[in-house]
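Structure first, then comments.
The values are calculated or read from the model by the stated rules, or taken from the named source; none is laboratory data. What you are looking at is a predicted structure, and each value in this text was computed from that prediction instead of being measured. Cβ: placed from backbone, ideal geometry, glycine included. Neighbour counts: every protein chain shown. Remember, those area values only see protein heavy atoms, side chains included, never the ligands or the DNA or RNA. Shrake-Rupley method; radii C 1.70, N 1.55, O 1.52, S 1.80 Å.
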Amino acid sequence: MKYFIDTANMDEIKEINEWGVLAGVTTNPSLVAKEKGISFHDRLVEICELVGGPVSGEVIALDAEGMISEGRELARLHQHIVVKIPMTAEGMKAVKVLASEGIKTNVTLVFNTVQALTAARAGATYVSPFIGRLDDIGLEGLDLIEDIHYIFTLHEIDTEIIAASIRDEGHIHGAALRGADIATIPYKVLKKLTRHPLTDKGIDQFLNDWNSIKDQ
Ligand code: E4P
């Protein structure tokens, strides 16, 4: 399972990119709205050039014609752009047209297996099931990852599964075990991924032992 970061913030992307673990980036209109005073298109290009992997930028239109025209415009910005399309009937029409033009799409706001299969059949490059938002309503978001992975494997579908709406390390562990191709992870969760209390304790112990003999 690869890691994407789920943000439009350059400082967050730069910091995590330095770890060498980032394969791509996803944004959405809410994340872009947090970045005051930026040009959406300029920011997408900046991210593409820094990360050198797939960068999802979402369309705002709700009708297929509008999504297609926004999608083409986004795709022209950079070779790494992936057009994020909401999971609707209009969205499927847009995915079909964009896919026929060789434009990659990420179908977002997926909450069940049938939506995922439908998006894949329309030609989506990626589907994004939202784990955390399912947990929020009392369901088991990770079960959806397992079920989509099972169906895609059974039917030899190569659309990639992006585990989205990640809230904690448990989601990352669970998504990896259940066959997600990618997890798109918020900065604050990524920051926890190197940490374990026994690692900290071990480092302290090694340093103390070293310091106790170094002047002998
Ligand atoms: C996915 O691409 C979305 O940007 C994202 O993961 C949404 O997560 P949220 O439920 O934390 O807003």
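Output yes when any residue across the range 176-193 is basic (Lys, Arg), open to solvent by 50 Å² or more (accessible area, probe 1.4 Å), touching a Gly at 6+ places or on another chain (Cβ under 6 Å) and free of Cβ contacts under 8 Å to residues at least 40 places away in the same chain, and no when none is.
no
Can you name the condition, by its number, that Met87 falls short on among (1) touching a Gly at 6+ places or on another chain (Cβ under 8 Å); (2) within 16 Å of the ligand (Cβ to nearest atom)?
(1)
Counting just the residues of the range 120-165 that are polar (S, T, N, Q) and crowded, with 19+ Cβ neighbours inside 10 Å, which one comes out farthest from the ligand (Cβ to nearest atom)?
Once the filter is applied, the top-ranked residue is Thr159.
Check the range 63-77 and report whether any residue there is in contact with a strand residue (DSSP E or B) (Cβ under 7 Å, 6 or more places away or on another chain), outside any loop (DSSP other than H, G, I, E, B) and more than 17 Å from Ala119 (Cβ to Cβ).
Looking for residues that are in contact with a strand residue (DSSP E or B) (Cβ under 7 Å, 6 or more places away or on another chain), outside any loop (DSSP other than H, G, I, E, B) and more than 17 Å from Ala119 (Cβ to Cβ), one finds at least one in the range 63-77, hence yes.
Given the options Asp11, Asp42, Asp6, name the one that is charged (D, E, K, R) and under 19 Å from Ile162 (Cα atoms).
Result: Asp6 is the single residue among Asp11, Asp42, Asp6 that is charged (D, E, K, R) and under 19 Å from Ile162 (Cα atoms).
Can you name the residue in the range 29-43 that is away from the ligand (no atom under 14 Å from the Cβ) and outside any loop (DSSP other than H, G, I, E, B) and, of all such residues, is least open to solvent (accessible area, probe 1.4 Å)?
Here the answer is Arg43.
Restricting the range 72-84 to residues that are open to solvent by less than 60 Å² (accessible area, probe 1.4 Å) and more than 16 Å from the ligand (Cβ to nearest atom), which is nearest to Ile131 (Cα to Cα)?
Residue satisfying both the conditions and the ranking: Ala75.
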